[in-house]
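The structure appears right after this line, and notes come after that.
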């Protein structure tokens, strides 16, 4: 098997094991376990907590040891941990066990990239052009696992409890660990200069000097604020589509909720390909602003969706704009960091960007969202909006408050963030 084929399998399984359970975690917590918003918000924040420290820590370990073996070991531990999640009933116990699983899994995302880059460079290939066609199979793996979970858990399929999603993920992770152990070549650290680095440099803390620059400080603050919204539809989307008070059992939305949500991941593949065009035409600020406005649409269309033909159209359109909302911010933000930081702190600066979005931002967003939903928008809470004769006033409130939050960020970003785009002259 060629190197490209082996990396495709690795990337497919890398995101297969994530998609198997993440999109249905909301339905599991709210529907099967009857946890409230505050408890679930804490549970879903585990990915953010794990992203704050663990990727950097295991990155250092991978540099000291062999990256491929660290990758294999982490997936092995992740798979074993996931096997125990179906046995947990209380939200706090579930939080701690899922947090442990995420501490094993989240570092593998960066390791997957670095290992792929290293192997491609070893073969004389440019990762910039060679890796994206390989990485797109990760998104395909994410979609495939969502579809498989839908088949295993719906009444039209096998009808199992959503607990099976954790087992699907565990089996995928164990298969990935075994395959990577056999298929990946040994990845030795080639950065001898790391031996001379201080602990502060290895942890990437020197990049925090960027906060002294007004432009970068404002950018990182907005990264945190928008990062708080990036996972909200992943957290609550399936729970919304599985709410029988909105979409009764037997309806298309209820029966195929996970498959419908996978349109979001399909749109990612298209918008990733479109980013170079939009970046060259409009510049980073306008692309990032488009992402923020797309989040307003993403949330707002969910809020307007009901059990009707028009409601179904709103859901599909919401999923279609997800690619712009998610990727335009993440990728254009990474490019902004790359263009505005010195070469010697590039990796560290990218680490700060990920820390603000997927770490601190995600943690705050999920915890605050859970508290807000629990205290104000659940059935016994107050209703902020009552528009027309909507049958889902609780969900309308939830999605519209998220949309309002994204709109405020977009307006503030347009006014406060100053960045003059100068097109490249060719």
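Read-outs: derived from the displayed coordinates by stated rules, not from any lab. Keep in mind the model is a prediction, meaning the values are calculated, not measured. Heads up, the Cβs are rebuilt from the backbone with ideal geometry, glycines too, and the neighbour counts pull from every protein chain shown.
Counting each pair of different Cα atoms once, what's the Kirkwood radius of the stretch 208-349 in Å, rounded to one decimal?
Result for the stretch 208-349 stands at 16.5 Å.
Using 0.36 nm per residue, how much length does the chain from residue 404 to residue 87 gain when fully extended, once their Cα-Cα distance is taken away? Before the final figure, lay out the partial values.
Values: separation 317, 0.36 × 317 = 114.12 nm, distance 3.82 nm.
Gain on extension, residue 404 to residue 87, equals 110.3 nm.
So if I take the centroid of the Cα atoms in the stretch 99-129 and the same for the stretch 131-162, what is the distance between those two points in Å?
Their Cα centres are 22 Å away from one another.
In nm, give the distance between the simple-model label positions of residue 183 and residue 160, each being 7 Å from the Cα along the Cα-to-Cβ direction.
Going from the residue 183 label point to the residue 160 one covers 2.3 nm.
Express in % the proportion of alpha carbon pairs of the stretch 218-261 at distances exceeding 11 Å. Present the calculation step by step, with values, prior to reporting the outcome.
Numbers: 645 of 946 pairs.
When every Cα pair of the stretch 218-261 is considered, 68 percent fall beyond 11 Å.
Beta carbons within 10 angstrom, averaged per residue: use that to sort the peptides 75-87, 222-234, highest first. Numbers along the way, then the final one.
Working: 75-87: 19.5, 222-234: 23.2.
Per-residue mean Cβ counts within 10 Å order the peptides as 222-234, 75-87.
What whole-number distance in Å separates the alpha-carbon centres of the stretch 232-301 and the stretch 7-54?
Distance between centres, Cα-based: 17 Å.
Which number do you get for Rg(Cα) / (2.2 N^0.38 Å) in the stretch 1-186?
Numbers: Rg = 16.8 Å, N = 186, 2.2 N^0.38 = 16.0 Å.
Scaled against compact globular proteins, the figure is 1.05.
Would you mind computing Rg(Cα) / (2.2 N^0.38 Å) for the stretch 67-142, counting N as its residues? Display every interim value, and only then the final one.
Working: Rg = 15.8 Å, N = 76, 2.2 N^0.38 = 11.4 Å.
Taking the Cα Rg and dividing by 2.2 N^0.38 Å, one obtains 1.39.
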